[in-house]
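Below is one structure, written out as structure tokens, with a few remarks after it.
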Amino acid sequence: MSASPYRAKPGDGIAFVSGASSGVGRACVLELARRGYVVAATARRAEELHQLAATLPEQIFPYPGDVTDAAGMKTLLAQIESDHGPIALAFLNAGVSLHVEREGFDAAVVAKTYAVNINGVANCLDPLLIAMSQRHRGQIALNASLAGYNGLPTSAAYGSSKAALIYMGEALNLRYRAAGLTIQVVNHGFVRTAMTDQEKDFSQPFKIEPEEAAKLICDGFERGGFEIAFPWQLAILQKLVRALPYAAKFNFIDYGMKRAKQG
């Protein structure tokens, strides 16, 4: 294991961002480009990707694709590296939160959420880990969530998918750090996106704009450490709640959900 974990720099290769057509992903593409990276941006919505690329056509390159298509992502990532050279930094950001799960448990909703949030990440990880391991250098960040720390009554599918990514990131960090790879998880709170805009039932404390989130995330890529977590107030609270005995935890979460409910 190297004494100093690898941190990608623009001179090492390009950056890759999935879920890049809007929200946090789009903001991170622009922030990474501002910091000197050439960025390959992937999402299903081709028109939005091309509009994003048009803002910085010499640094941002659109690669429409669906992370749930394992074979397609393998081909797409190979094409990106063929076109632009090695991927030094990958931010696996694509994810969904289906508001319909508020209506009750539904196996189909769980499957649809996992298909993007877990399997979609794995479909990108597979070719990235192979390529980066062969180079003995690379940095990958998984976009999880503070929601992955503790169970929430209205978020069985989304929250559990993010908990899985935290575990996956920990496991991959232990497995691949000796090979020269850096694995990180991004656990953030509320960011103003189309996903959070659909929330009408509960308050969203400390919500920030995507541009601010992108700066914090990219600072975390450069700074080091396994976890990039913000806002610090919610991150500390969630970790404290996670450490409580279950009876106390459940009572605290029940109380907090009642307080957060709007109207």
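Against the conditions (1) open to solvent by less than 50 Å² (accessible area, probe 1.4 Å); (2) within 18 Å of the chain's Cα centre (by Cα); (3) more than 30 Å from Pro10 (Cβ to Cβ), Cys124 satisfies every one except (3). The residues in region 232-263 that are closer than 25 Å to Ala8 by Cβ and surrounded by 15 or more Cβ atoms within 10 Å (Cβ to Cβ) can be counted, and the count is 1. Might you let me know whether region 30-40 holds any residue that is surrounded by fewer than 17 Cβ atoms within 10 Å (Cβ to Cβ) and either β-branched (Val, Ile, Thr) or under 17 Å from the mean Cα position of the chain (by Cα) (or both)? No, region 30-40 contains no residue that is surrounded by fewer than 17 Cβ atoms within 10 Å (Cβ to Cβ) and either β-branched (Val, Ile, Thr) or under 17 Å from the mean Cα position of the chain (by Cα) (or both).
Here is a yes/no grid of residues against (1) over 22 Å from Ser160 (Cα atoms); (2) part of a helix (DSSP H, G or I):
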site	(1), (2)
Ala27	yes, yes
Leu32	yes, yes
Pro57	yes, no
Val67	no, no
Lys74	yes, yes
Ala78	yes, yes
Asp83	yes, yes
Phe105	no, no
Ala108	no, yes
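Based on what the data block shows, is Ala147 at pLDDT below 95, assigned to a helix (DSSP H, G or I) and out of contact with any Phe, Trp or Tyr (no Cβ under 6 Å at 6 or more places or on another chain)? When the stated conditions are applied, Ala147 passes them. Residues that are farther than 9 Å from Tyr149 by Cβ, assigned to a helix (DSSP H, G or I) and either of a type in the set (Gly, Ala, Ser) or touching a residue at least 24 places away in the same chain (Cβ under 8 Å) (or both) within region 235-253 comprise Ala247, Ala248, Lys249, Ile253, listed in sequence order.
The values are calculated or read from the model by the stated rules, or taken from the named source; none is laboratory data. Only a predicted model underlies this, so the values are computations on that prediction, with no experimental measurement involved. Positions of Cβ are backbone-derived with ideal geometry, glycine not excepted, and every protein chain shown enters the neighbour counts. These area figures cover heavy atoms from the full protein model, side chains too; ligands, DNA and RNA do not enter into them. Shrake-Rupley method; radii C 1.70, N 1.55, O 1.52, S 1.80 Å.
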